[in-house]
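Asker: One structure follows; several queries about it will come next.
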Amino acid sequence: MAEPAIRLRKVHLTLGSGRSAVHVLKGVDLDVARGESVGIVGPSGSGKSTLLMVLAGLERADEGLVEIAGQDLGGLSEDRLAAFRGRHVGIVFQSFHLIPNMTALENVAVPLELAGHRDAFARAERELGAVGLGPRVSHYPGELSGGEQQRVALARALAPEPAILIADEPTGNLDGETGRQVADLLFAEQRRRGMTLVLVTHDPALAARCGREVAVRSGEIHAPLGLPA
């Protein structure tokens with residue numbers, strides 16, 4: 001069997017300390033195959049977004065194995081973890097997290113420059129064209145619609161050509177039609193590039209577009225749906 005893109009074993013995470021401590025993830029086991037799309041569903045406060053943060057290396061598990069693209073994240077220093085994430089993991093958030101005083105082109109190119117890509121601006125322009133924003137590269141976030149801002153965020157996530165794309169409520173701040181357009185683009189790029197996609201959503205229609213749904217309840221995986229053969 002091929003090595004999975006994501007492998008979690010007995011992952012625990014507690015946030016806060018003392019009386020305010022919350023045991024958010026409770027022994028999570030999860031495998032995600034290379035090129036698979038998985039929708040993480042469950043009620044608010046169930047641990048869905050925290051699970052994504054662990055997958056992205058933005059939160060460190062207290063216990064258990066977190067293996068991403070064959071790399072055990074637990075043994076990496078913060079600098080090595082950041083470098084690994086920059087090469088292998090793209091992240092799209094609900095709130096676009098664009099830098100307001102940078103153009104669309106700069107928002108995509110500057111992280112590439114910081115990661116040492118010499119073709120940062122050419123690559124950024126190509127990625128913005130791929131998400132339909134070729135004519136808008138010189139616009140600032142405040143001059144773009146919500147859907148356009150999320151397309152910039154998607155281009156930024158895709159530009160390093162990551163093996164894994166993580167999306168946390170990627171259509172949550174968009175109206176229905178704009179959300180569908182962004183979702184169409186997200187899944188089209190995932191298929192075209194052969195990436196692994198893991199997304200959190202409250203939208204049943206968006207979750208149903210994934211190859212598999214995984215339910216999270218109170219920090220635990222409950223009855224994963226549609227496990228691959």
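The values are calculated or read from the model by the stated rules, or taken from the named source; none is laboratory data. Computed from a prediction, not measured in an experiment: that's the story for all the values here. All Cβ positions, even for glycine, are placed from backbone atoms using ideal geometry, and neighbour counts span all protein chains on display. Calculation scope for accessible area: heavy atoms of the full protein, side chains included, ligands and nucleic acids excluded. Shrake-Rupley method; radii C 1.70, N 1.55, O 1.52, S 1.80 Å.
Asker: Name the single residue that is surrounded by the most Cβ atoms within 10 Å (Cβ to Cβ) among those in the stretch 60-74 being touching a His at 6+ places or on another chain (Cβ under 7 Å) and more than 8 Å from Leu13 (Cα to Cα).
Answerer: Within the stretch 60-74, the match that is surrounded by the most Cβ atoms within 10 Å (Cβ to Cβ) is Ile68.
Asker: Give me the pairs, please: first residue somewhere in the stretch 196-208 and touching a residue at least 24 places away in the same chain (Cβ under 8 Å), second residue anywhere and among the aliphatic types (A, V, I, L, M) and part of a helix (DSSP H, G or I), beta-carbon distance under 6 Å, and either six or more positions apart or on two chains.
Answerer: Matching pairs, first to second residue: Val200/Leu52; Thr201/Ala207; Leu206/Ala183.
Asker: Within the stretch 8-29, how many residues are surrounded by fewer than 17 Cβ atoms within 10 Å (Cβ to Cβ) and either among the small types (Gly, Ala, Ser) or in a strand (DSSP E or B) (or both)?
Answerer: Qualifying residue count for the region: 15.
Asker: Pick from the stretch 86-97 the residues that are open to solvent by less than 50 Å² (accessible area, probe 1.4 Å) and either touching a Ser or Thr at 6+ places or on another chain (Cβ under 8 Å) or of a type outside the set (A, V, I, L, M, F, W, C) (or both): which of them is modelled with the lowest pLDDT?
Answerer: Gly86
Asker: If only one of Ala157, Ala183, Ala153 is in contact with a Phe, Trp or Tyr (Cβ under 7 Å, 6 or more places away or on another chain), within 26 Å of Gly47 (Cα to Cα) and either aliphatic (A, V, I, L, M) or open to solvent by less than 60 Å² (accessible area, probe 1.4 Å) (or both), which one is it?
Answerer: Exactly one of Ala157, Ala183, Ala153 is in contact with a Phe, Trp or Tyr (Cβ under 7 Å, 6 or more places away or on another chain), within 26 Å of Gly47 (Cα to Cα) and either aliphatic (A, V, I, L, M) or open to solvent by less than 60 Å² (accessible area, probe 1.4 Å) (or both), namely Ala153.
Asker: Out of the stretch 70-119, which residues are hydroxyl-bearing (Ser, Thr, Tyr) and more than 26 Å from Val200 (Cα to Cα)?
Answerer: Ser77, Thr103, listed by residue number.
Asker: Could I ask something else about it? Please state which one of Pro100, Pro111 is farther than 21 Å from Arg191 by Cα, at pLDDT 95 or above and open to solvent by 40 Å² or more (accessible area, probe 1.4 Å).
Answerer: Checking each option against the conditions leaves just Pro100.
Asker: To continue, here is another question. Any residue at all in the stretch 65-84 that's in contact (Cβ under 8 Å) with a residue 12 or more places away in the chain, part of a loop (DSSP other than H, G, I, E, B) and aromatic (Phe, Trp, Tyr)?
Answerer: Within the stretch 65-84, not a single residue is in contact (Cβ under 8 Å) with a residue 12 or more places away in the chain, part of a loop (DSSP other than H, G, I, E, B) and aromatic (Phe, Trp, Tyr).
Asker: Report yes if some residue within the stretch 180-201 is more than 29 Å from Gly70 (Cβ to Cβ), acidic (Asp, Glu) and touching a helix residue (DSSP H, G or I) at 6+ places or on another chain (Cβ under 7 Å); otherwise report no.
Answerer: no
Asker: So which residues in the stretch 190-212 are of a type outside the set (Gly, Ala, Ser) and surrounded by fewer than 20 Cβ atoms within 10 Å (Cβ to Cβ), if there are any at all?
Answerer: Arg191, Arg192, Arg193, His202, Asp203, Pro204, Arg209, Arg212
Asker: Could you check how many residues of the stretch 122-143 are in a loop (DSSP other than H, G, I, E, B) and either buried (at least 19 other Cβ atoms within 10 Å of the Cβ) or modelled with pLDDT under 95 (or both)?
Answerer: 4
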